[in-house]
There are 2 protein chains.
Amino acid sequence: MNMQEATSIMKADSYKMAALSEDTRNNILVHVKDALIAHKDEIFAANAKDMAAAEENGIAASVKKRLKFDEHKLADVTNGIDELIKLPDPVGQIQLKRELDEGLVLQRVSCPIGVIGIIFEARPDALVQISSLCIKSGNCAVLKGGKETANTNKALFDVIYSTAVANGAPEGCMLQASQHNEIDELLSCNKSVDLLIPRGSNAFVQYIMNNTKIPVMGHADGICHTYIDKDADIEKAIPIIIDAKTQYTAACNATETLLVHRDVAKEMLPVMAKALKKHGVKLRGTAEAAEIINQAERNMSSHNVFEIMGDDDFNTEYLDLVLSVKIVNNVQEAISHINHFGSHHTDCIVTENNETAALFMQLVDSAGVYQNCSTRFADGFRYGFGAEVGISTSKIHARGPVGLEGLVTYKYKLYGHGQIVDDYATGKKQFHFKDL
Amino acid sequence: MNMQEATSIMKADSYKMAALSEDTRNNILVHVKDALIAHKDEIFAANAKDMAAAEENGIAASVKKRLKFDEHKLADVTNGIDELIKLPDPVGQIQLKRELDEGLVLQRVSCPIGVIGIIFEARPDALVQISSLCIKSGNCAVLKGGKETANTNKALFDVIYSTAVANGAPEGCMLQASQHNEIDELLSCNKSVDLLIPRGSNAFVQYIMNNTKIPVMGHADGICHTYIDKDADIEKAIPIIIDAKTQYTAACNATETLLVHRDVAKEMLPVMAKALKKHGVKLRGTAEAAEIINQAERNMSSHNVFEIMGDDDFNTEYLDLVLSVKIVNNVQEAISHINHFGSHHTDCIVTENNETAALFMQLVDSAGVYQNCSTRFADGFRYGFGAEVGISTSKIHARGPVGLEGLVTYKYKLYGHGQIVDDYATGKKQFHFKDL
């Protein structure tokens, strides 16, 4: 069966999936958790194959850490399922209840989106989290994980899918794509797939966004900024910028550009440069930023390698121990720079001046705007969403870290007793709009 | 200035527009209302030109009614502005407030989307409503109305825009496109325009959806259904179907297909056919529906023209006094038919059986699902939203009639005191997630 046929059947079944009661969906999650534990030996064996292949292919140790699925990761995902079960049902929530006229009652009720296609990186725990979120929210899902964890993904998927179906989910409610060419097939399924959530490299996500008519939720790049205001507390600024740049450089919420207010640049930049250097961070920046830092370095008889950047060169996502540095004249210039060069992901101001912070947080057009904390906090778990399917930089539908809420839509239910529009159009009757 | 340049400037100014206070935005609306009244003579004179051109071009009377902008329409739009002023501010609403850890507080706050492009039909009142909604929600807007009302639109736009700027809105916050080729230019402005809302013919909206990377909100077709269940009350069913089909045939929420439960088809179909015929409705349908109606007609020595349709011919939006008729075996078949052939706009079940209605309303995958009332109720005004920018059949972002809520997004604001992620990653600190 090709992807068009498979998703077309899934679409037809998605109404059954959407109709599962909260109890059934939570009960499936309980059984999925138990089944993952019961089948852990098979899952670990499958993971051993993936790890052996990674070893053979000389994959970096840091990446192998993500591929590994062991007792520790199993405990993480089963704890995650427990948390998810406890979360309130995202489906069937009455968001509005209004009497339009006597005996004519409108309700807006949350409901699953339908069929969601999720393409994610090589991380077996991601497969468990994503499929659990789809079960909890009553959505059917096409899952395509990274090829480096193909064996682990297959073992996990088989356990999750068979357990779901055995406990009341409709057959065909989940589908695992394993071939790379199936991604292109999936992109063409705009009649059956309601939403695509791609995770991965900038180029990959851009490719998805440019090659499908299906709505896409996610982000291509993550060019995040930390702006050190003239009223910044340096004691806070240094740990924040170190964390934002170095805590996990490959993350989309790592800071790529440091903006510093001119009034404090001479004082703060050399101290920061020193602290960042200790963490192995290579600085690049405008000529004037370089001059300030190099001047200080020369005074200390040190030699820092500082690459001069052009003014228009601030749109690179390094995902590495590299940081762009620029001096700005005021908060307005910082805001303009961020809105122009940023990716509308997450940006931070370090300042003790709450008025300046309020301006920054109102005018910076990003999914996350922070005062005095690391940009690395932009994450569904850290926001208390239990889990996330991705982080959206779109302003349409869902923005920022997306948990269960981004996987539901709503419908309007109108209950009448034979009412017709003509009576209202001719003035025979009037609406009275009373929220119930 | 071309559209790319103009929208790029608008984008940069959109942050100023977004920052206007509620008082400023409402005050602008008050002045817009007064200015429309003060300048009514110029507006009516401009409209007289459009009406003369319509006369010359032999435009149908029903269409001319929509082009006309007189005292009555002026009163309608100024009343609409009054209603809009009274509505709660859609911007700055705190949707979530959560302490992640001591001194680390997350807020989710609604904010304007930014730059919205709206392409709408030749109706001068639509220009006033749409620009008022954008002002109220703090959005910049590119407006392109139908060419048949070009003079009226220009007069209205000039009054609204100059009044807005005179009362605190940033220059360039609104832009009127008047040339048809500007639509294609607008479609390419995906760097500056956040959302497109096209209104118009199926083919036109499809064209927009297929030719832009900008998210599109709206609907191409409106194939709405009314299903007469076996437990329907015929006294309700007949006025509902008459209203749904004939009250305004050109509307997207008019019913195009009548489904009837087999158990009541012989009893109800002939009565319905008779009633519909009185209203000039031409029936088409399956052979068995035709047989039932023709049998009854023969008994009455009448000759009804009933065109036999193929089973797969149910996806035409007539927008005319034509109705497709099909007999179904049960509510499940009605649901499947609607989900397969419908446009996920608005569909109704006529039944006294609330369990059957609940099933229908849960499983029909449409923006509006109704029990015992006309599909023509699908409208922002009738839902009490004050006004609408359009009706969305997408499941992403906004669904159904879209008022102010569909014109805002949100951002996450995180307030800290120097918190870094590493402390939580290493277990030195723990999140405690407390909703405030």
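The values are calculated or read from the model by the stated rules, or taken from the named source; none is laboratory data. Values in this document were obtained by computation on a predicted structure and should not be read as measured data. Glycine gets a Cβ as well: all are built from the backbone with ideal geometry, and neighbour counts include every protein chain shown. Only protein heavy atoms, including side chains, enter the accessible area calculation; ligands, DNA and RNA are left aside. Shrake-Rupley method; radii C 1.70, N 1.55, O 1.52, S 1.80 Å.
Things worth noting here:
- Condition check for A:Asn330: touching a residue at least 12 places away in the same chain (Cβ under 8 Å), open to solvent by 50 Å² or more (accessible area, probe 1.4 Å) and in the same structural domain as A:Ala254 (by TED's automatic domain parsing): yes
- B:Thr255 being in contact with a His (Cβ under 8 Å, 6 or more places away or on another chain), of a type in the set (S, T, N, Q) and open to solvent by 10 Å² or more (accessible area, probe 1.4 Å): no
- Pick from region A:371-422, criterion assigned to a loop (DSSP other than H, G, I, E, B) and β-branched (Val, Ile, Thr), ranking: farthest from the other protein chains (Cβ to nearest Cβ): A:Val389
- Qualifying residue in region B:253-274 (condition: among the basic types (Lys, Arg), within 14 Å of chain A (Cβ to nearest Cβ) and in contact (Cβ under 8 Å) with a residue 24 or more places away in the chain): no
- Lone unmet requirement of (1) within 21 Å of B:Ser192 (Cβ to Cβ); (2) open to solvent by 10 Å² or more (accessible area, probe 1.4 Å); (3) in contact (Cβ under 8 Å) with a residue 12 or more places away in the chain for A:Glu352: (1)
- Any hit, region A:183-197, residues being within 18 Å of A:His31 (Cα to Cα), free of Cβ contacts under 8 Å to residues at least 60 places away in the same chain and not in a strand (DSSP E or B): no
- Residue that is modelled with the lowest pLDDT [pool: residues in region A:387-414 that are open to solvent by 30 Å² or more (accessible area, probe 1.4 Å) and touching a helix residue (DSSP H, G or I) at 6+ places or on another chain (Cβ under 8 Å)]: A:His397
- The helices (runs of 4 or more DSSP H) found wholly in region A:9-119 and carrying at least 1 residues that are open to solvent by less than 30 Å² (accessible area, probe 1.4 Å) and within 30 Å of B:Gly342 (Cα to Cα) occupy A:22-38.
- Residue within region B:301-324 that is of a type in the set (A, V, I, L, M, F, W, C), in a loop (DSSP other than H, G, I, E, B) and either buried (at least 21 other Cβ atoms within 10 Å of the Cβ) or within 20 Å of the chain's Cα centre (by Cα) (or both) present: yes
- Residue in region A:219-233 that is open to solvent by 10 Å² or more (accessible area, probe 1.4 Å) and part of a helix (DSSP H, G or I) present: no
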